[in-house]
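The values are calculated or read from the model by the stated rules, or taken from the named source; none is laboratory data. Values in this document were obtained by computation on a predicted structure and should not be read as measured data. Virtual Cβ from ideal backbone geometry, glycine too; neighbours counted across all protein chains shown.
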């Protein structure tokens, strides 16, 4: 038998070992849930009465129905800290309004999201904090 023909099964075995050595030990099964995230906004703006999270010129939570590409529940307000829970876009603008619905400031933010649960493979809830000033 030719030396080349004897090497084919050996080469195939080595290739199979190399490929299977790269596969994970067990597949990861992630839950099919939408995790909620928490965004804390410190509003250092006198006379602030309303805070909106905007993306692509659409804002939420809004006084009017809109599809902002973001699902946000009304904020819990504690002094100057507005805490929103929902699903947020990565790039967003925070708009702050006074009692007369006049825009006081519009600030682009890029929150530093930190995972607070779940796993690296499957993701999980996150939280971030930003400050908005005039």
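Taking every residue in the stretch 23-50 that is farther than 30 Å from residue 131 by Cβ and pairing it with any residue that is modelled with pLDDT under 95 and part of a strand (DSSP E or B), at least 6 positions away or on another chain, the pairs with Cβ-Cβ distances below 9 Å are 28/119; 30/119; 30/123.
Looking only at the stretch 101-134, count every residue that is assigned to a loop (DSSP other than H, G, I, E, B) and either touching a helix residue (DSSP H, G or I) at 6+ places or on another chain (Cβ under 8 Å) or within 19 Å of residue 54 (Cα to Cα) (or both) and tell me the total. So the answer is 7. If I filter the stretch 71-92 down to residues being free of Cβ contacts under 8 Å to residues at least 40 places away in the same chain and part of a loop (DSSP other than H, G, I, E, B), which single residue comes out as farthest from residue 53 (Cα to Cα)? Step by step, filter the stretch 71-92, then rank; the result is 79.
Yes or no, residue by residue, for (1) surrounded by 15 or more Cβ atoms within 10 Å (Cβ to Cβ); (2) more than 19 Å from residue 125 (Cα to Cα); (3) at pLDDT 95 or above:
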| position | (1), (2), (3) |
| --- | --- |
| 43 | yes, yes, yes |
| 60 | yes, yes, no |
| 70 | yes, no, no |
| 73 | no, no, no |
| 76 | no, no, no |
| 86 | yes, no, no |
| 100 | no, yes, yes |
| 104 | yes, yes, yes |
| 110 | no, no, no |
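For the stretch 21-31, the condition of being surrounded by 17 or more Cβ atoms within 10 Å (Cβ to Cβ) and modelled with pLDDT of 75 or more holds for none of the residues.
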